[in-house]
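Beneath this line is the structure, given in structure tokens, with notes to follow.
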Amino acid sequence: MTDRVYSEEVLRWKIPTWEKQNETVIVDYMGANIGKPLHIGHLCTPLFGQATINMLRLMGYTVIADMHQGDWGGIFGKLITGWKYFGDETTFSEAPLKHLLDIYIKITEKIEQECETEQECRDAFKLLSEGDEASMELWQRFTDASLVSVRHVMSEFGAKPDIWIGESFYE
């Protein structure tokens, strides 16, 4: 549904609107995880979140819509380590999110078979946390590729965040 159609429908319901409010509301919705595709469980949050945002704006509030992605944490130790073992530039360029998920699955299996791999993943995340240049480059590539996919799906849902601040913002 386009914004215009949605707005016309809401106005038809005779929902009261108010003068501009002197308040700002922040709505944080849809915490997508980097390196993993969205699935059916991600459907409700952006739909309800965007509906809430639209209603608050209609009621006169200033709303800041934040799509807070999971772009930091232990998963990156796994993805960086997994890239070392299973990463392939051609496959990544053809289907980045699918390749990242495949890497995640393979490194998780490797951890289950070889206990020392778990420590290797922890060490990789530690290097990333310390700002290691090669690790930061991989992190940025994985994040950028994942967000292209997330933004596409969110636009299909009609979700339009104002800002995209992830967990990495606080590092």
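Every number in this text was worked out from the coordinates using simple rules, so none of it is lab data. Computed from a prediction, not measured in an experiment: that's the story for all the values here.
Would you be so kind as to identify all helices of the chain, as entire DSSP H runs, whose Cα atoms reach 30 Å or more along the helix's own axis and whose mean Kyte-Doolittle hydropathy is at least -1.0?
Answer set is 133-157.
Return a whole-number percent for the relative contact order of the chain, with Cα pairs under 8 Å and 6 or more residues apart as the contact set.
Values: 214 pairs, mean separation 54.7, N = 171.
Contact order relative to length: 32 percent.
5 Å is the cut-off here: which amide hydrogens, built 1.01 Å from N in the peptide plane, fall below it relative to ASN33, excluding neighbours closer than 5 in sequence?
GLY70
From the P(r) of the chain, can you give the percent of Cα pairs sitting at distances over 24 Å? Provide the component values of the computation, followed by the final result.
On the way: 6794 of 14535 pairs.
I get 47 percent for the Cα pairs in the chain exceeding 24 Å.
Using modelled amide H (1.01 Å from N, peptide plane; none on Pro or chain starts), what sits under 5 Å from the amide H of GLY73, excluding residues fewer than 5 places away?
Sorted by chain and number, the residues that satisfy this come to none at all.
Determine how many Å³ per residue the convex hull of the Cα atoms of the stretch 74-150 encloses.
79
Within the chain, how many lysine pairs that are 8 or more places apart, or on different chains, have C-alpha atoms less than 28 Å apart?
The number of close lysine pairs in the chain is 23.
Return the long-range amide H neighbours of VAL25 (sequence gap of 5 or more, or a different chain), with a cut-off of under 5 Å between placed amide H atoms.
Placed amide hydrogens put THR62, VAL63, ILE64 under 5 Å from VAL25.
Between the stretch 74-118 and the stretch 21-73, what is the C-alpha centre distance in whole Å?
First find each Cα centre; the distance between them is then 29 Å.
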